[in-house]
1. Among the residues of the range 59-73, what is the count of those that are touching a strand residue (DSSP E or B) at 6+ places or on another chain (Cβ under 8 Å) and modelled with pLDDT under 90?
2. For the range 50-76, which residues satisfy the criterion of being more than 14 Å from residue 28 (Cα to Cα) and surrounded by fewer than 20 Cβ atoms within 10 Å (Cβ to Cβ)?
3. Taking the condition of being at pLDDT 50 or above, surrounded by fewer than 12 Cβ atoms within 10 Å (Cβ to Cβ) and within 19 Å of the chain's Cα centre (by Cα), how many residues in the range 1-25 meet it?
4. Can you tell me which residue within the range 78-90, out of those that are surrounded by 12 or more Cβ atoms within 10 Å (Cβ to Cβ) and touching a residue at least 40 places away in the same chain (Cβ under 8 Å), is nearest to residue 29 (Cα to Cα)?
């Protein structure tokens with residue numbers, strides 16, 4: 001019983017922090033950029049491919065988790081947004097029209 005309560009507390013705490021910025025239930029996922037120029041093999045492996053929905057010139061290939069399993073997506077990057085391989089971003093796997101959002105870099109204070 002104690003273990004179940006601890007697990008519920010830990011899971012609800014993580015969800016509250018994540019949901020405070022980009023709601024998981026609305027399709028937002030924490031992701032990592034794996035390629036800024038997706039190749040054919042990556043495009044074929046993507047669970048989500050926004051190229052058909054958002055016809056735009058620049059796309060990145062990202063890794064995210066869904067149901068505790070790694071997944072991949074090809075998402076559009078607005079011209080005013082710069083991303084690099086290894087960078088953490090937020091993506092919306094339910095709505096390709098939502099712009100990719102780079103996570104804030106860690107604070108250098110203290």
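The values are calculated or read from the model by the stated rules, or taken from the named source; none is laboratory data. All figures in this text were calculated on a predicted structure; none of them were measured in a lab. Note: ideal-geometry Cβ built from the backbone for every residue, glycine included; neighbour counts use all protein chains shown.
1. 1
2. Answer for the range 50-76, where residues must be more than 14 Å from residue 28 (Cα to Cα) and surrounded by fewer than 20 Cβ atoms within 10 Å (Cβ to Cβ): 51, 52, 53, 54, 55, 56, 57, 58, 68, 69, 70.
3. So the answer is 2.
4. Going through the qualifying residues, I end up with 90.
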